[in-house]
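Remarks on the structure that follows.
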Amino acid sequence: MTIFEKIAAGQISVRMIHETAELIAFHDGNPQAPVHALIVPRRVIARIGEATPGDAELLGKLLLAAPEVARLLGVAESGYRVVINNGRDAGETVPHLHVHLLGGRSLQWPPG
Ligand code: 5GP
């Protein structure tokens, strides 16, 4: 099981924000901004580079969850960034697709 499957199964406790039949959203344990949430599909796709056309509906729901989570966390108006890390150079550490939602401060561009 990936660590995110364990979180979805309730085996590791997190600060949960939102749950649906297909997705969970929770606060990142090592936040990089005042608001740093992770949105994770319950079904494992290792990374965006391994998604297939059959995953299109789930990927749509994953992205559409971002503005909903942003609203729940109070950053919908101030702004937020949605990030997916894919592979070593991007700093991916958990091989279970997830969207980072970052906000609550002015974010730099380009990212480091
Ligand atoms: P990645 O680097 O793969 O894009 O992001 C993985 C993220 O998962 C990191 O930001 C890391 O802090 C977060 N993370 C890893 N393990 C846990 C955990 O057990 N609990 C929580 N809340 N976040 C975790």
### Query
Between THR52 and GLN11, how many nm apart are label points set 7 Å from Cα along the C-beta direction?
2.5
### Task
Please give the length that would be gained between VAL83 and GLN108 if that part of the chain were fully extended, namely 0.36 nm times their separation in residues minus their C-alpha to C-alpha distance (nm, one decimal).
7.7 nm
### Query
At a Förster distance of 22 Å, what's the computed FRET efficiency of HIS27 paired with ALA76, Cβ-Cβ distance as r, to 0.05?
0.85
#### Entry: Residue list for the range 1-39, given a label point 7 angstrom along the Cα-to-Cβ vector of GLU68 and an amide N cut-off under 13 Å
17-26, 39
### Query
Any idea how far apart GLU19 and VAL44 come out in nm if each label point goes 7 Å out from Cα toward Cβ?
2.0
### Query
Most mobile of LEU64, LEU101, LEU23 per a Gaussian network model of the chain (Cα springs, under 10 Å)?
LEU64
### Summary
Per the helix-only model, the chain has a calculated mean residue ellipticity at 222 nm (DSSP H runs of ≥4, -39500 (n - 2.57) each, divided over all residues, rounded to the nearest 500) of -6500 deg cm²/dmol
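The numbers here are math on the coordinates, done by the rules we state, and not lab data. All values derive from a computational prediction rather than experimental measurement. In this analysis, Cβ positions are derived from the backbone assuming ideal geometry, glycine residues included, and neighbour counts consider all displayed protein chains.
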